[in-house]
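Structure, as structure tokens:
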């Protein structure tokens with residue numbers, strides 16, 4: 001039996017998604033990669049949760065697990081993903097009970113939960129017009145009427161700030177710029193009014209001025225429609241500007257959860273602190289940047305104890321290298337929790 | 001201004017790529033990737049070259065080394081032995097003598113190291129080509145270089161695939177360092193790395209410059225990284241430098257509307273500074289078909305009639321602050337706002 005995380009009772013208000021002790025492993029020829037080692041977090045309705053971490057920490061796999069899109073080599077080995085479509089619905093459904101290709105999952109995927117990917121060029125089909133691709137989702141989930149679907153596709157393109165939406169609907173992805181493609185992706189994701197939107201590094205491939213436009217757009221739409229967003233990113237600046245709550249991930253575990261203000265002003269986990277110290281900030285005097293020693297360990301290896309201890313400047317010998325820290329509550333009212341022996 | 005400490009002077013550098021279409025591959029247009037840029041780098045100084053993708057910043061860096069043959073312009077390099085030489089006119093033999101002094105670090109550490117050579121061979125190759133060392137002397141020098149960049153010399157016999165992204169970038173740095181260059185062109189050396197690794201590599205570049213006194217031309221798109229590493233910064237837009245100044249000046253009192261827009265677009269790493277300033281609308285124009293007049297005028301909120309007609313030249317408005325804008329002296333633009341002071345301290349260390 002898996003032990004339940006203590007923080008689950010912390011937030012009594014309505015959550016769209018509650019992930020409990022999720023474990024995913026990949027069985028490859030080179031060995032087993034334990035991508036997620038018991039990930040727990042919740043996304044309150046109508047809020048933006050940021051998932052931050054370096055590459056390989058499992059943040060994308062967490063998003064893909066909720067969509068049940070993890071490739072065949074990946075096996076879900078434990079945990080629950082509880083999804084609650086609206087506040088009144090009782091009880092929440094465990095997404096993991098459904099098969100990947102089951103009708104129930106197909107009904108949820110793209111309809112109630114939709115996803116935006118990092119690289120808009122490789123996630124749009126080059127053989128179909130943008131309009132066709134948006135209509136596909138609408139025809140699958142919302143209506144059988146093709147003219148109605150087209151009308152809705154143009155509507156949603158207008159909503160994401162496309163100039164001349166009917167012309168854009170008739171164009172192919174290669175005819176659009178990077179920012180326009182990402183707007184088309186967002187339009188597609190929003191076409192069925194999802195309860196939850198998973199955005200996996202939606203601005204990483206874009207330039208700063210385009211990134212700013214897309215972030216403004218997402219924030220505007222979020223406050224207008226009230227969709228809950230799970231925002232996966234490695235950029236602390238984007239987190240500060242976009243998110244209400246933050247979960248910091250390291251080596252397949254959530255090491256700290258808090259409101260965005262607490263993450264930046266009252267961080268508790270040494271990894272969160274080091275991460276914040278290592279980013280060059282605009283308008284700061286020059287000098288050495290604090291960096292985290294070493295690099296993220298090889299994914300095939302397993303680290304005993306706290307997975308951050310080999311790089312942690314304040315690790316406790318004999319404790320951090322043997323015992324995995326439990327999630328402890330720092331501030332129950334604000335839902336601030338941390339997985340670190342120094343804070344227990 | 002003494003010219004003795006001048007290391008590199010770039011004057012009117014252009015690089016145009018022909019667009020060929022049809023059966024006869026006729027030239028139907030030109031992509032003006034770099035369209036007449038001027039700048040200089042002094043000895044031991046870091047010049048940051050920043051801009052959005054497609055603005056020609058990488059092409060400019062490569063054209064200086066003649067990795068792309070420049071279309072026009074002069075690149076005057078002050079070689080410690082040969083003196084001032086126009087790189088664009090140098091013959092093969094002269095280039096061979098110049099190359100050790102001008103090196104490059106590439107963006108992607110996964111494609112810039114030959115997978116079939118060992119780390120020792122990669123770092124030793126420049127030394128062999130220039131006949132600087134062989135035999136045990138060579139391997140000693142390679143070991144020393146690897147130690148310098150924080151790679152254990154025992155790893156000399158391993159292949160690049162055995163290393164992480166950050167370590168590979170260190171190997172790339174060791175290779176650039178091998179011939180004691182006086183100029184290193186850093187072509188986005190940290191943009192493929194994670195933040196914690198990025199900080200390590202930036203610190204390493206800082207330390208090496210302090211120790212060996214080489215100059216960097218640091219090409220990048222991340223304005224906070226550029227601010228951290230550079231003494232002076234040049235901002236490029238569609239093949240043209242629009243503003244160049246000392247780092248603090250450029251960031252705190254920008255004079256070009258594009259620089260202002262770029263600085264305002266960066267998401268600030270502080271949740272209490274959530275502002276929604278005026279955003280730049282539209283996209284970067286194509287360098288194959290740029291707008292008339294000032295290339296920035298269709299997106300500029302200060303644009304007047306003259307901007308769509310006449311292209312403003314890059315002019316010095318005092319104290320080495322160069323701006324290419326008709327209204328550089330009149331506009332009052334906002335730069336970087338100081339951040340609220342965040343204290344970040346590690347919890348005190350404990351024992352069991």
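The values are calculated or read from the model by the stated rules, or taken from the named source; none is laboratory data. The structure presented is a predicted model; accordingly, all values stated were derived computationally and were not measured. FYI the Cβ positions are ideal-geometry reconstructions off the backbone, even for glycines, and counts take in every protein chain you see.
Values as computed for the structure displayed
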| read-out | value |
| --- | --- |
| Residue that is farthest from residue B:150 (Cα to Cα) [pool: residues in segment A:291-322 that are at the interface with chain B (Cβ under 7 Å from one of its Cβ atoms) and surrounded by 15 or more Cβ atoms within 10 Å (Cβ to Cβ)] | A:319 |
| Matching residues in segment A:313-327 - criterion: being within 25 Å of the chain's Cα centre (by Cα) and in contact (Cβ under 8 Å) with a residue 24 or more places away in the chain | A:326, A:327 |
| Inter-residue pairs, beta-carbon under 8 Å, first touching a residue at least 24 places away in the same chain (Cβ under 8 Å) and in segment A:159-176, second assigned to a loop (DSSP other than H, G, I, E, B) and surrounded by 15 or more Cβ atoms within 10 Å (Cβ to Cβ), 6+ apart | A:168/A:162; A:168/A:176; A:169/A:129; A:170/A:129; A:171/A:129; A:172/A:129; A:173/A:124 |
| Sole residue being within 21 Å of residue A:59 (Cα to Cα) and within 8 Å of another protein chain (Cβ to nearest Cβ), chosen from A:215, A:196, A:206 | A:215 |
| Index of the failed condition, residue A:147 passing every other in (1) in a helix (DSSP H, G or I); (2) touching a helix residue (DSSP H, G or I) at 6+ places or on another chain (Cβ under 8 Å) | (2) |
| Every residue from segment A:65-97 that is part of a loop (DSSP other than H, G, I, E, B) and buried (at least 19 other Cβ atoms within 10 Å of the Cβ) | A:68, A:70, A:84 |
| Residue among B:330, B:310, B:278 that alone is within 14 Å of another protein chain (Cβ to nearest Cβ) and without any contact (Cβ under 8 Å) to a residue 40 or more places away in the chain | B:278 |
| Failed condition for residue B:262, given (1) outside any strand (DSSP E or B); (2) more than 7 Å from every other protein chain (Cβ to nearest Cβ); (3) surrounded by 24 or more Cβ atoms within 10 Å (Cβ to Cβ) | (2) |
| The lone exception for residue A:265 - which of (1) modelled with pLDDT under 95; (2) more than 7 Å from chain B (Cβ to nearest Cβ); (3) over 24 Å from residue B:229 (Cβ atoms) it fails | (2) |
| From the options B:347, B:287, B:291, B:338, residue that is buried (at least 17 other Cβ atoms within 10 Å of the Cβ) and either within 13 Å of chain A (Cβ to nearest Cβ) or over 18 Å from residue B:259 (Cβ atoms) (or both) | B:287 |
| Every residue from segment A:132-157 that is in contact (Cβ under 8 Å) with a residue 40 or more places away in the chain and buried (at least 17 other Cβ atoms within 10 Å of the Cβ) | A:133, A:134, A:137, A:138, A:141 |
